[in-house]
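What follows is a short report on a single structure.
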Amino acid sequence: MNTPPTTGDSRLNAARRERDLELATGEQIADVLVVGLGVTGAGVALDAVSRGLSVVAVDAHDLAFGTSRWSSKLAHGGLLYLASLQLGIAHESAVERGILMTRTAPHLTRPIPWLIPLTRSTSHTAAFLDLAAFAAGDLLRRAAHTPSSLLPPPRRISRTAALAIAPGLKQDGLRGAVLGWDCQLEDDARLVVRGGPHGRRPRCADPHSHPRASGVRRRRTGARRAHR
């Protein structure tokens, strides 16, 4: 493996970009080529760099250009998968959510309350089932060892407490609410940038935005730059 040389210059400018692109498309041999720098590509690049591999990472547009920039910004803990009895994926989602909130990006995540209003027309059975669904999600939180200080257990709350959390609720007939918690991303694009292999020199070239990968040849890669 040939490691890209470093210059000690950390300035981000046109000259630095040209130099990095020449390294990435020249005779230097990288262990891994990552095409596409959404959250998956950035995560793959980071994982490879963390394992000591040299990486060239490119995207025809920009980091988090597509789906990773226009997500729901919800890092849910698997409750959606429980409904279809996909227990393995549900547990994995809860574990990944806990890692995001406690280790990977605590500065980019925050708890978000979920309210299900209880009105005069809401039966006791329906209220019980709503609370049971949130309780099942809380079991996933416990199994993932996410602290309750981050995501409190679900509970029924009064009408006054519900209005304090969601003042826009229709007040006529409101008896209270069922309160649960999940995780929201502050900025999904920042999460992608945070997960990329930035600053990992000399083992990895910086991510390159706007070069377009045109093909892969055996034992070496070929790429051409997009028009800018």
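Derivation of every value follows stated rules applied to the coordinates shown; laboratory data play no part. Note that the structure is a prediction, hence the values are computed from the model and not measured. Glycine also receives a Cβ, built like all others from the backbone with ideal geometry; neighbour counts cover every protein chain displayed.
The table that follows gives values for the structure above.
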read-out: Coil-residue trypsin sites (Lys or Arg not before Pro) of the range 138-199, DSSP, other Cβ within 10 Å capped at 10; value: 170
read-out: Gained length - residue 184 relative to residue 124, 0.36 nm times residue gap less alpha-carbon distance; value: 18.6 nm
read-out: The range 97-186: relative contact order in percent, alpha carbon pairs under 8 Å with at least 6 residues between; value: 48
read-out: Label-to-label distance, nm, for residues given as residue 171 and residue 193 (7 Å Cα→Cβ offset); value: 4.3
